[in-house]
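Trainee: The structure follows.
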Amino acid sequence: MTDRRYRRLLAVVIVVALAVRVAWVLWVSREPWSDDGGIFRDPSRYLGFARQIADGNGFTEPFTGQATAYYPPGYPWFLGIITWASTPFTNEPWLAAGLVQAVLGAASVGLAASVTKRVAGSTAALVAAVVYALYPNLIFHTGALLGETLYNFLFLAFLALLLSRPWDASFRTPRIAGCGVVLGLAVMVRPISLAVIPVVVLCWLWTRKDYRVIARWTGALLLGVLVCIVPWTIRNELRLHAFVPISTNTGDNLCMGHADGATGEFKAGLEACQTDFDFSDGISAELGSDKEKQRIAVRGMIDNIDREPWLLWSRTYFMWVRDGDHDGLFAVQSYRLDRWMALDTESRLIWIADRFYWLVVAAGLAGLVQLTRRREPEAYVLVGATVMTALVPLLFFGDQRFKVPVIPLLIIAAACLADGRWGRAQSPIHAANAGDGESEGDHDPGGAEPLGGERVVSRS
């Protein structure tokens, strides 16, 4: 396949992805339910914070008017900026946000293809693009006021930049610092991204075995991440008068997963996690509740250490098995508090989404095994990122929404099975690093230079 043909086909897939997502947003976009039953659900909470930000009040609690850091700030600020920017044109910021997320979702298709092409070639890249473009729950999330679409875009952008060039002398420190900034932005949406840093460093060590270079690269990566985190930490010190690196919801998340009576699933009313801190008391209550619930969770783990293996399995079951992968369908209906979709339509969409999910999981696991067998550091980055993104949420409680960030990585791994060169030729990574020969797949017959100026060996 010539590079020109690849780009044209990828452009078609991206346009289709955008069209499907825009159509979905126009159909499902509604203000999140905000009565007493749903006031503390994430979409309505995010919208409340966004309105405060758009009004110039910063990240403040709508009910108390005081500063807060309960959620990681990335998505509330993203939504707040959209709310502010769309105010002259519409009084429906949820619709404006959905349309922006549709663009990010379509752009993520291109990013997923870029990562896959680097590891497994053009054919696999197009497979990844098609699957990502049509994956039901990723489409469902486009219309929900949740941070998964933004996070997936940022994390895939980080991987695409990280793998955009061979890890040799051409991989400059400023590029690595740029990778760190993009990763830092993803961390501000979902802090689980921090877990990928040791994976990247270990893969660099395998590649270079030059400790001075690796130290410089690691420092540049960490610097880029800290550029995003430190200003927010300083803000929290100034506004909350406490050391809060990112957010104060760690206690809630840990307590639901480990306190007495925990079952492994989301359980907001768990008796053991009730404290004397009143939400309406503002900053002091927010900080005190977070610390107290962390203590309750640690005490629960120590007192019931024999139950922890069962809880780990239970969290895995609730996250990966019980509910399939269609939570975005419930999120656009305020988790069925505002159930406007016809039951038969909802049931059909669930049936399609779950079967799509199990196919991707099965193929993705096979793809991860194949990537591991390559014994290439760049391939191990994908494997490690997938494993860490899947495991870190299991420290808390099990919820099907927690696996949404893993799905793009499983799609990429599954698409790598479409690379027909397994076991009989060099991978695109080794070929690109070899620096000799030609590839009929990466430039046209007229002799133009391969993409990015890299020359690769024949894939035939």
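The values are calculated or read from the model by the stated rules, or taken from the named source; none is laboratory data. Bear in mind that the values here come from a model prediction, so they are computed numbers and not experimental data. Here Cβ is always computed from backbone atoms with ideal geometry, including for glycine, and neighbour counts include all displayed protein chains.
Trainee: With the checklist (1) under 18 Å from the mean Cα position of the chain (by Cα); (2) without any contact (Cβ under 8 Å) to a residue 12 or more places away in the chain in hand, flag the one item Ala169 doesn't pass.
Mentor: Answer for Ala169: the failing condition is (1).
Trainee: Going through region 388-440 one residue at a time, which ones are charged (D, E, K, R) and either in contact with a Gly (Cβ under 6 Å, 6 or more places away or on another chain) or at pLDDT 60 or above (or both)?
Mentor: Restricting attention to region 388-440, the residues satisfying the condition of being charged (D, E, K, R) are 399, 401, 403, 419, 421, 424, 436, 438, 440.
Across region 388-440, the qualifying residues are Asp399, Arg401, Lys403, Asp419.
Trainee: Where residues in region 194-211 are within 16 Å of Pro166 (Cα to Cα) and free of Cβ contacts under 8 Å to residues at least 60 places away in the same chain, which of them is surrounded by the fewest Cβ atoms within 10 Å (Cβ to Cβ)?
Mentor: The extreme case among them is Lys209.
Trainee: For region 48-155, which helices (runs of 4 or more DSSP H) that fit wholly inside it have 2 or more residues that are without any contact (Cβ under 8 Å) to a residue 60 or more places away in the chain and surrounded by fewer than 24 Cβ atoms within 10 Å (Cβ to Cβ)? Explain how you work it out, then say what you get.
Mentor: Details: elements: 74-86, 93-120, 122-134, 136-142.
So the answer is 74-86, 93-120.
One line per residue, one yes/no per condition, for (1) of a type in the set (A, V, I, L, M); (2) buried (at least 20 other Cβ atoms within 10 Å of the Cβ); (3) touching a Leu at 6+ places or on another chain (Cβ under 6 Å):
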{"position": "Asp327", "(1), (2), (3)": "no, yes, no"}
{"position": "Phe330", "(1), (2), (3)": "no, yes, no"}
{"position": "Leu337", "(1), (2), (3)": "yes, no, no"}
{"position": "Ala342", "(1), (2), (3)": "yes, no, no"}
{"position": "Ile350", "(1), (2), (3)": "yes, no, no"}
{"position": "Ala353", "(1), (2), (3)": "yes, yes, no"}
{"position": "Leu395", "(1), (2), (3)": "yes, no, no"}
{"position": "Gly398", "(1), (2), (3)": "no, yes, no"}
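Trainee: For region 234-281, give me each residue that is polar (S, T, N, Q) and within 21 Å of Glu61 (Cβ to Cβ). Break it down into steps so the answer makes sense when it comes.
Mentor: Quick first cut of region 234-281, residues polar (S, T, N, Q) only: 236, 247-250, 253, 263, 274-275, 280.
Residues satisfying the conditions are Asn236, Ser247, Thr248, Asn249, Thr250, Asn253, Gln274, Thr275, Ser280.
Trainee: Scan the helices (runs of 4 or more DSSP H) fully inside region 254-367 and keep the ones with 3 or more residues being closer than 30 Å to Tyr132 by Cα and in contact (Cβ under 8 Å) with a residue 40 or more places away in the chain. Write out each step before concluding.
Mentor: Numbers: elements: 283-303, 308-316, 327-331.
Result: 308-316, 327-331.
Let's see how each residue does on (1) within 19 Å of Thr116 (Cβ to Cβ); (2) polar (S, T, N, Q):
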| residue | (1), (2) |
| --- | --- |
| Ala177 | no, no |
| Cys203 | yes, no |
| Ile214 | no, no |
| Thr218 | no, yes |
| Leu222 | no, no |
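Trainee: Further question: In this structure, does Arg165 turn out to be in a helix (DSSP H, G or I) and either among the acidic types (Asp, Glu) or surrounded by fewer than 24 Cβ atoms within 10 Å (Cβ to Cβ) (or both)? I'd like the intermediate steps shown before the answer.
Mentor: On the way: in a helix (DSSP H, G or I): no; either among the acidic types (Asp, Glu) or surrounded by fewer than 24 Cβ atoms within 10 Å (Cβ to Cβ) (or both): yes.
No; evaluated as a whole, the condition is false for this residue.
Trainee: Quick check, is Thr2 surrounded by fewer than 18 Cβ atoms within 10 Å (Cβ to Cβ) and in contact with a His (Cβ under 9 Å, 6 or more places away or on another chain)? Break it down into steps so the answer makes sense when it comes.
Mentor: Numbers: surrounded by fewer than 18 Cβ atoms within 10 Å (Cβ to Cβ): yes; in contact with a His (Cβ under 9 Å, 6 or more places away or on another chain): yes.
The answer is yes for Thr2.
Trainee: If a residue must be over 27 Å from the mean Cα position of the chain (by Cα) and either among the polar types (S, T, N, Q) or under 25 Å from Val361 (Cβ atoms) (or both), how many such residues does region 298-309 contain?
Mentor: 1
Trainee: Another question about this same structure. So, in region 202-243, exactly how many residues are among the aliphatic types (A, V, I, L, M) and within 20 Å of the chain's Cα centre (by Cα)?
Mentor: Quick first cut of region 202-243, residues among the aliphatic types (A, V, I, L, M) only: 202, 205, 213-215, 220-223, 225-227, 229-230, 234, 238, 240, 242.
Add one more test, that the residue is within 20 Å of the chain's Cα centre (by Cα), and what stays is 221-222, 225-227, 229.
Residues flagged as among the aliphatic types (A, V, I, L, M) and within 20 Å of the chain's Cα centre (by Cα) within region 202-243 amount to 6.
Trainee: Here's something else I'd like to know. Look at Val199 and say whether it is touching a helix residue (DSSP H, G or I) at 6+ places or on another chain (Cβ under 6 Å) and not in a helix (DSSP H, G or I).
Mentor: Working: touching a helix residue (DSSP H, G or I) at 6+ places or on another chain (Cβ under 6 Å): yes; not in a helix (DSSP H, G or I): no.
So Val199 fails the test.
Trainee: Another question, if that's okay. Looking only at region 235-251, count every residue that is part of a loop (DSSP other than H, G, I, E, B) and touching a strand residue (DSSP E or B) at 6+ places or on another chain (Cβ under 7 Å) and tell me the total. Talk me through it step by step, then tell me what you get.
Mentor: At the first step, the residues of region 235-251 found to be part of a loop (DSSP other than H, G, I, E, B) are 241-249.
Of the ones still in play, those that are also touching a strand residue (DSSP E or B) at 6+ places or on another chain (Cβ under 7 Å) are none.
Of the residues in region 235-251, 0 are part of a loop (DSSP other than H, G, I, E, B) and touching a strand residue (DSSP E or B) at 6+ places or on another chain (Cβ under 7 Å).
Condition check ((1) over 30 Å from Val28 (Cα atoms); (2) within 20 Å of the chain's Cα centre (by Cα)) across all residues:
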| site | (1), (2) |
| --- | --- |
| Ile350 | no, no |
| Ala366 | yes, no |
| Val381 | yes, yes |
| Ala385 | yes, yes |
| Asp399 | no, yes |
| Leu410 | no, yes |
